[in-house]
Amino acid sequence: MSKARKTACGGGAPQAQESPDARTVCLTVGTAGHIDHGKTQLTIFLTGCNTDRLPEEKSRGMTIDLGFATCILPDNRRIGIVDVPGHEKFVHNMVAGATGIDVVLLVIAADDGVMPQTIEHFHIVRLLGIKAGMIAITKTDLVDSARVETVRAQAEQLVAGSFLDGAPIVPLSTKTGEGYDEFYTKFVELVDHMAERESSGPFRMHVERAFVLKGLGTIVSGIPVSGRITQGDTLELLPEGRKVRVKGLQVYGQKSREGLSGECVAINLADIQHTELHRGMQLCAPGFFESARFFDVRFFSLPSVGKPLKPRQQIRLHLGTSDVPGHLVLPTNEPLKPGEETYAQLQMKRGVVAAPGDSFILRTLSPITTVGGGYVVSPDDKRLRRRHSDSWANSLEEKERVMDSVSDTIMQAFSTESPIPLGLDDIAKAALLHEDALGEDISKLIESGRLRLTAKRKYVSKDMIERAETVIVDRITALHKEVQLSAGFSKKEIYSSLSANHDIMDMALESLIEKKVITRSTHGYFITSMAPALSDAQAKIAEKILSLYSETRFKSPRRDEVPERVAAPEKASGKIMNYLLQTGRLVDIGSGVILHEDVIEESKAIISDYLAEHDSLDAASFKNLIDSSRKYAIPLLEYWDGKGLTKRIGNSRILK
């Protein structure tokens, strides 16, 4: 082998040696392939590290658990390598490691060719959504060139039509070094063409390993699937919900101030024993994620599955480092044929933490075999009911549609049955993004009118407001029918029977006023097209009522006396009285006393003129001034007290 490699062992191991100016590339490469096909030896060639750390692995010469190491590329770039076990008994460990990788290195031995775990591992990485990789044909020193070409043809047939179709296939011998330079060149080119993983979103990392380092304490290692972490951060250990503090960090075995998604990170945690941590747990930014037992998913059945899957199929879910039994529930009672895909629900025996877009693998319990996989569309809080499967599927289709769009994901947060205004923190949790990453998208949504900001600095959607507008129009229309000739209804009357959020209702009401659907008057709100107007017959009755109250001045009739006094039916005169009171032509001053608006103004002038020349005014004097009785005098004085014209002191009034 002509090219010397700088090497470093990773995964939190303290023996790493590398250039101090090495730059981390946020990518992780994972091996895949059948047992004893040379995955670990190839990892040693790339990194200088034997990732078989367990005594049993070393004694048996077989990888059992995941191994982590660092590969130093030209220009001091470093990436992570995850070496996975190839034995069929340890597929659950293989899936745990493959979950965090970006690039796969599929290893096929030239003497064996494509074997059962070659096929299973390939299907697993494909189902996990890995999009790039290459193929290494190892142990070429054991066969002739014709055999190598046969294995190449097998590999091409296996990956035809997949993300590895057309990927580099490089024969080499890890024993003699023949072919390694070409392999290494293709490997570096592959990494060079890969986009680094973004570190947006809240931090989340599946627990791969938990161990103790002398002088440091508990160490947890893994590959973050999103976000970034810094020393001093507080994380939430899920599904337990326990808070833990980050004492220190290593990235690819080197001390670091921060760790990013896609890197091999080791976290030194405070106040927790390593025995309290295990695979299946996740370390997350607090408040963003929670455990669930039901997940609505898009599921893909492998074509190689021997028989159809039952409508309620027992399975084991492999998601991240979780390995949990449960059921795959299909939306109909029809079995799922090999090679078919469908929306389905995972119903688990215990809680699992998963986010939309998370990939998973399903294996049957007996015989133990990989039957398919897919990705999570949405955690759910209730079981799938097949009688509602059509609406359920439509809902999932909409959720799946918005998964790749931040703006659409933000808007999805507002599509709830009981809409309420959302704060920036609520939106961040729904979109699985940090608040500072939302600004541009929210600004664009506000500019386009899809979002609006309330007076309390919370957000509501255009759809929310439009739904509230419909509710308000229906409510006021009903009130108009109940109370004809109404000059307007108060917010209290409008909102009293509505359960919607009042902040949203206020915005909807203002929107309807802007659109001139609703008119706001001094008497309240009314539908513009239903503005009160008296008919000719009603106008004649109204004139009689006004004349009656104008003529009787401070000795006006009770309301129940009006129909007889104006010779009008009680029902008709009652509606007109309401109208005259609402429009202010008549004024109800309390205690059953109603006066003409002109008489009210006359009483104000009488009080003002009297108190301009006298220190105070008592009820007896006021009664004489208006030539009436205490029945009218007392309510009038109290009316003007309430209006702020006068102030009561003892039994007298003064100007306020």
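The values are calculated or read from the model by the stated rules, or taken from the named source; none is laboratory data. Fair warning: this is a prediction, and the values are worked out from it, not measured in the lab. Here the Cβ positions follow ideal geometry from the backbone for every residue, glycine too, while neighbour counts run over all protein chains shown. What goes into the accessible areas is simple: the full protein's heavy atoms, side chains included, and nothing from ligands, DNA or RNA. Shrake-Rupley method; radii C 1.70, N 1.55, O 1.52, S 1.80 Å.
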I'm checking a number: the convex hull volume of the Cα atoms of the range 333-479, normalised per residue, in Å³. What is it? 171
Considering only protein heavy atoms, with the full assembly of protein chains and a 1.4 angstrom probe, order I44, I589, I576 by accessible area, largest first. I44, I589, I576
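With a probe of 1.4 Å, find how much accessible area the range 91-201 has per residue, and write the answer as a whole number in Å².
So the range 91-201 comes to 39 Å² accessible per residue, rounded to a whole number.
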Dipole size in debye (nearest 20) for the range 171-228 around its Cα centre, Lys and Arg Cβ +1, Asp and Glu Cβ -1? 520
Report, to two decimal places, the Cα Rg of the range 114-230 normalised by 2.2 N^0.38 Å (N = number of residues). 1.38
With N residues in the range 607-652, what two-decimal value do you get for its Cα radius of gyration over 2.2 N^0.38 Å? 1.04
Expressed in nanometres to one decimal, the distance between label points 7 Å along Cα→Cβ at T522 and E564 is 3.4
Using 1/(1 + (r/R0)^6) with R0 = 51 angstrom and r between the beta carbons of N651 and D426, what's the FRET efficiency to the nearest 0.05? 0.30
In debye, nearest 20, what is the charge dipole magnitude of the chain about its Cα centre with +1 on Lys and Arg Cβ and -1 on Asp and Glu Cβ, if you could check? 1480
Using 27 Å as the Cα-Cα cut-off, could you pick out the over-long pairs in K131/K175; K456/K481; K243/K444; K444/K515; K516/K544; K247/K456? K131/K175; K456/K481; K243/K444; K516/K544; K247/K456
Taking a ≥ b ≥ c as the square roots of the eigenvalues of the Cα gyration tensor, with a/c under 1.5 meaning rounded and otherwise prolate when a/b exceeds b/c and oblate if not, the range 160-315 is oblate
Residue-level accessible surface for E290, protein heavy atoms, 1.4 Å, Å²: 130
Can you tell me what share of the DSSP beta bridges in the chain is antiparallel? A percent to the nearest 5 is fine. 85
If you rank H502, H274, H37, H327 by how much accessible surface each has, with a 1.4 Å probe, what is the order from largest down? H502, H274, H327, H37
Could you tell me what percent of the accessible area of the range 137-255 is made up of carbon and sulfur, with a 1.4 Å probe and every protein chain present? 47
Amide H partners (placed H, <5 Å) of S521, local residues excluded: F526
For K604, list the lysines whose Cα falls under 24 Å from its own Cα; do not include residues on the same chain fewer than 8 positions away. K555, K623, K631, K643, K647, K656
Over the range 569-656, with neighbouring protein chains present, the accessible area per residue in Å² at probe 1.4 Å is 53
Which percent of the Cα-Cα distances in the chain go past 47 Å? 41
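Summarise the accessible area of the range 474-536 (1.4 Å probe, protein heavy atoms) by the percent that is carbon and sulfur.
So the carbon and sulfur contribution to the accessible surface is 51 percent.
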Calculate, for the range 300-384, the solvent-accessible area per residue in square angstrom, rolling a 1.4 angstrom probe over the heavy atoms of the protein chains. 42
Dipole of the chain, positive end: most advanced residue of S200, F360, N501 [Cβ charges, Cα centre]: N501
Helices from the chain with mean Kyte-Doolittle at least 0.0 and a Cα length along the axis of 15 Å or more, per DSSP H: which? 502-514
Eigenvalues of the alpha-carbon gyration tensor of the range 110-154, times 5 and square-rooted, give semi-axes in Å, largest first, of 23, 11, 8
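For every helix of n ≥ 4 consecutive DSSP H residues, a contribution of -39,500 (n - 2.57) applies; sum these over the chain, divide by its total residues, and give [θ] at 222 nm rounded to the nearest 500 deg cm²/dmol.
Taken over the chain, the calculation gives -10000 deg cm²/dmol.
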Quote the FRET efficiency, to the nearest 0.05, computed for E240 versus I513 with a Förster distance R0 of 51 Å and r equal to the Cβ-Cβ distance. 0.50
Scoring only Lys, Arg, Asp and Glu (+1, +1, -1, -1) among other residues with Cβ under 12 Å from the Cβ of L611 yields 0
